[in-house]
Amino acid sequence: MPEAPVAPRPIEIVPSVLPADFSRLGEECVALEEAGVDRIQWDVMDGRFVPNLTFGPDVIGSVRDLVSVPFEAHLMVEEPDALAARYVDAGCSMLIIHAESTRHLHRSLAAVADLGARPAVALNPSTPVEAVRHVLDLVEMVLVMTVNPGFGGQDYISTMEPKVAELRQLVIAEGLDVDIEVDGGIGPATIAGAAGAGANILVAGSALYRDPEGLAHAVSDLRTRAEAAITDS
Ligand code: DX5
């Protein structure tokens, strides 16, 4: 009996607030929610894991109650275990831990769940899918970076698409309920490749803010392109 095809997972468009106007961060989050985003990603950078420094938990906490969409913290930090609780307390319901940032990834992800948050794991471009094979049962999402982390506005690394496809096949083979997110260089010209490869959560920063027709158009256009790609795949 041929196996039933696996239904595509719902597409979600997630903004990175890295390109936002930090002097009006609260208003920017409200505008993103009004534009129809599914959640908001905070690119947390410590200047050590990546050469940039961004949001502390207090900054995120200061805008938490202005919107109702979930917050996810993309922890591009050297010591995620030491910081995890503070980002949960700030209102992040999902924590994304880089596989490269902790010696004991299984323990770090279990600790996120113990905090009552949704565990997720991220892979830098050079890190293979194999690095997360034995923690897939602990996570709700795997983030495949499509740029080298640290800055917005970089070019999409299309050679990550086979990696997304490999991960999707592994998740299906294991019968797991795991989303696949991509982040970096996602825009109108690249989103179909990422979604067609198997990503269903798509993070965009620059592409949202450079759309001349505004945020709502950008979100809707990206969602339409991604949904068309999974229909065609
Ligand atoms: C890199 C950041 C960026 C950001 C999205 O560390 O994680 O990928 O979220 O940036 P764009 O969409 O401008 O490439």
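Per 0.36 nm of contour for each residue apart, how much would the distance between Arg133 and Glu213 grow if the chain were fully extended, relative to their Cα-Cα spacing?
Numbers: separation 80, 0.36 × 80 = 28.80 nm, distance 4.12 nm.
Working it through step by step, the gained length comes to 24.7 nm.
Dividing the radius of gyration of the alpha carbons in the range 9-54 by their Kirkwood radius gives 1.05 for Rg/Rh. Here the calculated FRET efficiency for Leu176 and Asp21, from their Cβ-Cβ distance with R0 = 35 Å, stands at 0.35, rounded to the nearest 0.05. When the GluC sites (Glu not before Pro) in the range 80-182 are filtered for DSSP coil states and for at most 13 other beta-carbon atoms within 10 Å of their beta-carbon, the remaining sites are Glu174.
Scan the range 1-97 for trypsin sites (Lys or Arg not before Pro) in coil per DSSP, keeping those whose Cβ has at most 12 other Cβ atoms within 10 Å, and list them by number.
Working: sites: Arg24, Arg39, Arg48, Arg64, Arg86; in loops: Arg39, Arg48.
Loop-located and lightly packed - Arg48.
Pairs of Cα atoms under 8 Å, at least six residues apart: use those to get the relative contact order of the chain, whole percent. Value for the chain: 19 percent. Summarising the label geometry, the points placed 7 Å from Cα in the beta-carbon direction at Ala85 and Arg103 lie 2.1 nm from one another. Note that the chain, at 37 °C in a medium of 0.692 mPa s, gets a Stokes-Einstein diffusion coefficient of 186 µm²/s from its Kirkwood radius over C-alpha pairs.
Kirkwood's formula applied to the C-alpha pairs of the range 76-119 gives a hydrodynamic radius of 10.2 angstrom.
With Cα atoms defining each centre, the range 53-77 and the range 94-155 are spaced 17 Å apart in the structure. Considering every Cα-Cα pair within the range 1-97, what fraction, in whole percent, is farther apart than 15 Å? Within the range 1-97, distances greater than 15 Å cover 62 percent of Cα pairs. In this structure, Gln169 and Ser126 have a Cβ-Cβ separation that, at R0 = 22 Å, corresponds to a calculated FRET efficiency of about 0.65. DSSP bridge analysis restricted to the range 19-120 gives an antiparallel fraction near 5%, rounded to the nearest 5.
Can you tell me how much longer the chain between Arg64 and Ser93 gets when fully stretched, taken as 0.36 nm per residue apart minus their C-alpha distance, in nm with one decimal?
On the way: separation 29, 0.36 × 29 = 10.44 nm, distance 1.10 nm.
Between Arg64 and Ser93, full extension yields 9.3 nm more.
For Arg48 and Ala7, the difference between the fully extended length at 0.36 nm per residue and the C-alpha to C-alpha distance is 10.8 nm. Electrostatic tally near Arg118: other residues with Cβ closer than 11 Å to its Cβ, Lys and Arg +1, Asp and Glu -1, net -2.
Every number in this text was worked out from the coordinates using simple rules, so none of it is lab data. All values reported here derive from a predicted model rather than from experimental measurement. In this analysis, Cβ positions are derived from the backbone assuming ideal geometry, glycine residues included, and neighbour counts consider all displayed protein chains.
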